[in-house]
Amino acid sequence: MSNIPNSAKVGSNVVIEGGVIIGENVVIGHNTVLLEGTQIGDNVEIGSNCVLGIQPRSNQKMRRINKNTRKLIIQNDIKIGHLVSIYLGTIISDNVFIGDHASIRENVSVDTGTVVGRAAIIELNSLIGKDCTIQTLAYVTGDTILEDDVFIGPCVSMSNDKYMGAKEYKLKGPTIKKGAKIGNNSSLLPGIVIGQGTIVGAGSVVTKDLTDNEMFFGVPARKIRS
Amino acid sequence: MSNIPNSAKVGSNVVIEGGVIIGENVVIGHNTVLLEGTQIGDNVEIGSNCVLGIQPRSNQKMRRINKNTRKLIIQNDIKIGHLVSIYLGTIISDNVFIGDHASIRENVSVDTGTVVGRAAIIELNSLIGKDCTIQTLAYVTGDTILEDDVFIGPCVSMSNDKYMGAKEYKLKGPTIKKGAKIGNNSSLLPGIVIGQGTIVGAGSVVTKDLTDNEMFFGVPARKIRS
Amino acid sequence: MSNIPNSAKVGSNVVIEGGVIIGENVVIGHNTVLLEGTQIGDNVEIGSNCVLGIQPRSNQKMRRINKNTRKLIIQNDIKIGHLVSIYLGTIISDNVFIGDHASIRENVSVDTGTVVGRAAIIELNSLIGKDCTIQTLAYVTGDTILEDDVFIGPCVSMSNDKYMGAKEYKLKGPTIKKGAKIGNNSSLLPGIVIGQGTIVGAGSVVTKDLTDNEMFFGVPARKIRS
């Protein structure tokens, strides 16, 4: 058991493994599990039935995992919902909000003020900027870059494997530039770049790079107006 | 700890906060958390690792929450799966079925006989009619209205924010009239109305109001036959 | 409480119901629930807050469930993530990997070496071949057949009910032949057959059977090259 400050409010049946660090004024919901390597700052609220500090693992078909990712850093003034899973090797910055049932993999950085929606998933090695909104059930694939102020609508889908496992390929998710907005349930292909301030309408399929400050829609997505 | 009737069958490590009310013949799975304000009727089955009675919270980017929603009402003859989350301020009516991993937010009403599928999500302020089917992984956004007998296929996506956070806007989800059926993985835009008995084919993007008793398909959805 | 071998590493607050069988060198995370009828082989790792061995249930609108499915068989050398749910009547074969938040229903067979992604869902009566990849948030509907080496991209959606509940109909999911690959967020209609080695581009809607070894894209999906 770790040292838990007197200011912490810890629920029933909470499991806190050795070496976990907990700041001041932290609230931890019932039945939540904090695994070894988890570091929590001040004024953090965590819901019930979460699992934080998960050690990456894989099978032989999946890419080799760097097992040296030893810490999950959760900074200050953060709210984490219920039934959430977050891996080691990741940093969650100040004022981030993470919805219930969300999952964040290893080697991810979520910068200040960003909202990660309910049941949204962020895969490994992705960089999420400041003040982004990643809506409910959105899927941010591995090796994705979101610059600041990006809006990812509900149920947006991304991929990072052009050959769907058929050949060796350096996995690469989308790069979404500052302030771009992706409408709900759109599909983004591997490695595409979406320009700064550009808007993609709901249900579009983005198959190639999109220029800045324009609006696109359709399957495949075409420019509809500047 | 609340008063628990002798007829209740309560699993291991269940957490029941003060003020929770539990009816007759209730089954509660292991490790489930019933937070303050939860009221459960008769003949209700709840799975393991659920979190019920969640207090709404938000950060500064998200809309202000009414913190006066003090009750979660779960009526009678209801089955709730495992790993489910439900908020305060919501009413689940008789004979509703809620699948595993589902999540229902605050100020929602789910009327009698409706099925909420596995991992389906219903956001705040939505009204769900009688005998609806909301299939697996479907996303019902905030401020949505489903009249009775509506069918929402698997992975259907909705949005309620026309400007994707870019300007002030009264959030408004779709209104789906009695008996309408939405095919799997369709996308519905903010504020649209789908007519009574109308059918939307799978994978469509509905960008404007649809008339009653017709069939639509495509991106954007067009009438295909009456 | 069942007999637990000395080689097992069992977390805190784990619930193991009577009649559960556990092999050698098994790791079980904290707060996980193993319900009656669960049988676990050797060298299996299970994360925290899982619920395994769930008894099927339904309400009057859903199809009648065969309540005689009495076992969940988890073979050897299997990794199961956190917050996972799996039903009785299902068999998970050697070397399968199941991601966090995934859910697998009753009467499902997942053959050796297959990866079931994070938050992916496999509904009842589906047969999944060897060495398949079912990516994150993909939805495999009931009565689906995946032959060996099939790739299902992230957020792919399937349906098995042509009339969306409007009339009696023998539910039938897609049949996806050996080595076929389905791009992310595609939608597959009930009962369609996707040919061996065929590729479906991201965001497509597959409305009819597709021949072998070709490539299809669009809404509806059309052949784009051989």
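The values are calculated or read from the model by the stated rules, or taken from the named source; none is laboratory data. Because the structure is predicted, anything quoted here is derived from the model rather than measured. So basically every Cβ, Gly included, is an ideal-geometry build from the backbone, and we count neighbours across all protein chains shown.
Observations, loosely collected:
- A:Gly129 within 13 Å of the chain's Cα centre (by Cα) and away from chain C (no Cβ under 11 Å): yes
- B:Tyr139 falls short on exactly one of the conditions (1) surrounded by fewer than 24 Cβ atoms within 10 Å (Cβ to Cβ); (2) under 14 Å from the mean Cα position of the chain (by Cα); (3) at the interface with chain A (Cβ under 10 Å from one of its Cβ atoms), and that condition is (1).
- Annotation note: of A:Ile78, A:Ile134, the sole residue that is in the same structural domain as A:Val44 (by TED's automatic domain parsing) and surrounded by 24 or more Cβ atoms within 10 Å (Cβ to Cβ) is A:Ile78.
- Failed item, numbered, when A:Ile121 is tested on (1) surrounded by 20 or more Cβ atoms within 10 Å (Cβ to Cβ); (2) in contact with a Phe, Trp or Tyr (Cβ under 7 Å, 6 or more places away or on another chain); (3) within 14 Å of chain C (Cβ to nearest Cβ); (4) under 25 Å from C:Val219 (Cα atoms): (4)
- Residues that are assigned to a loop (DSSP other than H, G, I, E, B) and away from chain C (no Cβ under 14 Å), drawn from region B:197-226: B:Lys208, B:Asp209, B:Thr211, B:Asp212, B:Glu214, B:Ser226
- Condition met for C:Thr112 (within 9 Å of another protein chain (Cβ to nearest Cβ), on the phi < 0 side of the Ramachandran plot, assigned to a loop (DSSP other than H, G, I, E, B) and modelled with pLDDT of 95 or more): no
- Residues (in a loop (DSSP other than H, G, I, E, B) and within 14 Å of chain A (Cβ to nearest Cβ)) located in region C:144-180: C:Asp148, C:Asp149, C:Val150, C:Gly153, C:Pro154, C:Cys155, C:Val156, C:Lys178, C:Gly179, C:Ala180
- The set of residues in region B:10-55 that are more than 23 Å from C:Gly29 (Cα to Cα), under 19 Å from the mean Cα position of the chain (by Cα) and among the small types (Gly, Ala, Ser) comprises B:Gly37, B:Gly41, B:Gly53.
- Test: A:Ile86 is part of a strand (DSSP E or B), at pLDDT 95 or above, touching a strand residue (DSSP E or B) at 6+ places or on another chain (Cβ under 8 Å) and farther than 14 Å from C:His101 by Cα: no
- Search result, residues across region B:52-75 that are buried (at least 24 other Cβ atoms within 10 Å of the Cβ), within 11 Å of chain A (Cβ to nearest Cβ) and either touching a Gly at 6+ places or on another chain (Cβ under 7 Å) or modelled with pLDDT under 95 (or both): B:Gly53
- Test: A:Asn107 is part of a loop (DSSP other than H, G, I, E, B), polar (S, T, N, Q) and away from every other protein chain (no Cβ under 11 Å): yes
- For region C:12-49, the set of residues classified as assigned to a loop (DSSP other than H, G, I, E, B), within 12 Å of another protein chain (Cβ to nearest Cβ) and buried (at least 20 other Cβ atoms within 10 Å of the Cβ) consists of C:Asn13, C:Val14, C:Gly29, C:His30, C:Asn31, C:Thr32, C:Leu35, C:Gly47, C:Ser48, C:Asn49, listed by residue number.
- Long-range neighbours under 6 Å by Cβ, at least six apart or interchain, first residue among the acidic types (Asp, Glu) within region C:4-27, second in a loop (DSSP other than H, G, I, E, B): C:Glu17/C:Leu35; C:Glu17/C:Glu36; C:Glu24/C:Pro5; C:Glu24/C:Ser7; C:Glu24/C:Asp42
- Cβ pairs under 6 Å, 6+ apart, first in region C:181-194 and within 7 Å of another protein chain (Cβ to nearest Cβ), second outside any strand (DSSP E or B) and polar (S, T, N, Q): C:Asn184/A:Ser159; C:Ser187/B:Asn184; C:Ser187/B:Asn185; C:Leu189/C:Thr207
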